[in-house]
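The values are calculated or read from the model by the stated rules, or taken from the named source; none is laboratory data. Here the structure is a predicted model, which is why all the values come from computation and not from measurement. Virtual Cβ from ideal backbone geometry, glycine too; neighbours counted across all protein chains shown. Remember, those area values only see protein heavy atoms, side chains included, never the ligands or the DNA or RNA. Shrake-Rupley method; radii C 1.70, N 1.55, O 1.52, S 1.80 Å.
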Amino acid sequence: MSFRFTAITMCDRQGNLDFYTNGNWIANRNHDTLMGSQNFNPGWASGNYSPWGLPYMQTVVALPNPNDSSQYFVINHCADQYLPANIRIPLKVSYSLLDMNLDSGLGGTVVKDSTIISDTLNNGHMAAC
C-alpha cells in the first residue's frame, strides 16, 4: 500500500496489527484487501489518487467500538469536485464498521461508507481521542 498523507493503523489490545488504510482502501493484517472493503471511501479524490493514497492530512480516524472489542468505526471524508468554483473539498463524512471476527479473524465490513454528515467541509481537520 502506498501512502501520501492519509494513514491509519489499528492494532488489537495485545499490539497485533488488525488493519490499516491510506484512505483509498483498507488492508488486513496479511496486507490484503479487508473483506467487503472494495471501493471504500468513494469520491473524486479516491478515484484520482488511487492507489497512492489520499493527499490530505487528517481525513480518516479509527475508533474501537466501546460495545464490542472486535469492532472498529472508521470515520472518513473524501475530497469531491465542488462546482462552480472547481475546487476539491469534502462534501460528506461517512463511517464504516469493521468486525475483526469476520473472514476467519482477518476482518471485514459490516457497514460501509454510511453517510453521517452531508455538507461543505474543510479538508482534513478530523481528530479523535
Residues of the range 29-48 satisfying the condition of being assigned to a strand (DSSP E or B) and without any contact (Cβ under 8 Å) to a residue 40 or more places away in the chain: 33
Test: residue 64 is in a loop (DSSP other than H, G, I, E, B), out of contact with any Leu (no Cβ under 9 Å at 6 or more places or on another chain), of a type outside the set (Ser, Thr, Tyr) and open to solvent by 20 Å² or more (accessible area, probe 1.4 Å): no
Conditions (1) on the phi > 0 side of the Ramachandran plot; (2) surrounded by 20 or more Cβ atoms within 10 Å (Cβ to Cβ): number failed by residue 31: (2)
Hits in the range 1-28 - residues which are surrounded by fewer than 14 Cβ atoms within 10 Å (Cβ to Cβ) and part of a strand (DSSP E or B): 9, 11
Subset of the range 34-55 (residues that are closer than 17 Å to residue 78 by Cβ and surrounded by fewer than 19 Cβ atoms within 10 Å (Cβ to Cβ)): 38, 39, 42, 44, 47, 48, 50, 51, 52, 55
Complete set of residues in the range 106-129 that are open to solvent by 20 Å² or more (accessible area, probe 1.4 Å) and not in a strand (DSSP E or B): 106, 119, 120, 121, 122, 123, 125, 126, 127, 128, 129
Some residue of the range 71-80 being in contact with a strand residue (DSSP E or B) (Cβ under 7 Å, 6 or more places away or on another chain), within 20 Å of residue 127 (Cβ to Cβ) and touching a residue at least 60 places away in the same chain (Cβ under 8 Å): yes
Only listed residue being open to solvent by 30 Å² or more (accessible area, probe 1.4 Å), acidic (Asp, Glu), part of a strand (DSSP E or B) and more than 16 Å from residue 4 (Cβ to Cβ), chosen from 103, 80: 80
